[in-house]
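Have a look at the structure below before the remarks.
The values are calculated or read from the model by the stated rules, or taken from the named source; none is laboratory data. The model shown is predicted, which means the values in this text are computed figures rather than measured ones. Positions of Cβ are generated from backbone atoms using ideal geometry, with glycine treated the same way; all protein chains shown enter the neighbour counts. Only protein heavy atoms, including side chains, enter the accessible area calculation; ligands, DNA and RNA are left aside. Shrake-Rupley method; radii C 1.70, N 1.55, O 1.52, S 1.80 Å.
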Amino acid sequence: LHSALTYEGVLTMFVMQPELILSQKPLTPAEKRFVDNYDRLMGPYNIYMYENLQPEIARQTTAAANRGEYEFLDTRNAFQNVSEKTFTDYCHLTPRGNELLADRIYEQMTSRLLPALLSEQRNGNTPN
């Protein structure tokens with residue numbers, strides 16, 4: 001994927017989204033009920049999988065980003081200090097959650113991807 005995107009001049013950013021099950025945010029009563037029901041239905045093995053796989057995926061994705069293959073934005077803790085409801089279920093967001101996440105993505109794009117794009121254009125390499 002990286003080679004094809006590079007060949008086409010496409011700047012790439014992967015985003016690891018927050019998940020309610022592992023969130024450090026202050027849960028609303030509705031979010032707390034969902035977590036409790038999810039835990040009851042799915043059991044401890046599912047939570048164990050999230051707790052162990054998600055950090056490993058983030059580690060490997062960060063390592064690839066550090067090699068310059070793409071930009072990576074880890075937003076798993078994006079709602080850490082947000083007390084309002086941001087999740088509608090285990091990973092889908094409310095309109096406010098989407099807005100907050102979009103703000104984080106925009107910040108990353110304007111601080112990292114946009115300067116790279118402008119640099120490429122100044123050098124005569126216009127990404128498609």
Assign one of three labels to region 47-100, namely rounded, prolate or oblate, based on the Cα gyration tensor with a ≥ b ≥ c the square roots of its eigenvalues; rounded applies when a/c is under 1.5, prolate when it is not and a/b is larger than b/c, and oblate otherwise.
-> oblate
Contact order relative to length for the chain, counting C-alpha pairs under 8 Å separated by 6 or more residues, stands in percent at 38 percent
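Give the accessible surface of the chain per residue, rounded to a whole number of Å², with probe radius 1.4 Å and ligands, DNA and RNA excluded.
Ligands and nucleic acids excluded, the figure is 65 Å² per residue.
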Amide H of Phe87: which non-local residues (sequence gap of 5 or more, or other chain) have their own amide H closer than 5 Å, using H built in the peptide plane?
-> Thr94
Could you tell me what percent of the accessible area of the chain is made up of carbon and sulfur, with a 1.4 Å probe and every protein chain present?
-> 53 percent
Using only Cα atoms, locate the centre of region 43-70 and the centre of region 23-39, then give the distance between them in Å, rounded to an integer.
-> 22 Å
Assigned charges on the beta-carbon of Lys, Arg, Asp, Glu; region 23-128 dipole about Cα centre (debye) | 80 debye
Net charge of neighbours whose Cβ lies under 14 Å from the Cβ of Pro55, counting Lys and Arg as +1 and Asp and Glu as -1 = -2
According to the square roots a ≥ b ≥ c of the eigenvalues of the Cα gyration tensor, what is the shape class of the chain, taking rounded for a/c under 1.5, prolate for a/b larger than b/c otherwise, and oblate for the remainder?
-> prolate
GNM flexibility winner over the chain from Leu22, Leu93, Leu118 (Cα, springs under 10 Å) | Leu118
Once every DSSP H run of n ≥ 4 in the chain is given -39500 (n - 2.57) and the sum is divided by its residues, what mean residue ellipticity at 222 nm do you get, rounded to the nearest 500 deg cm²/dmol?
-> -18000 deg cm²/dmol
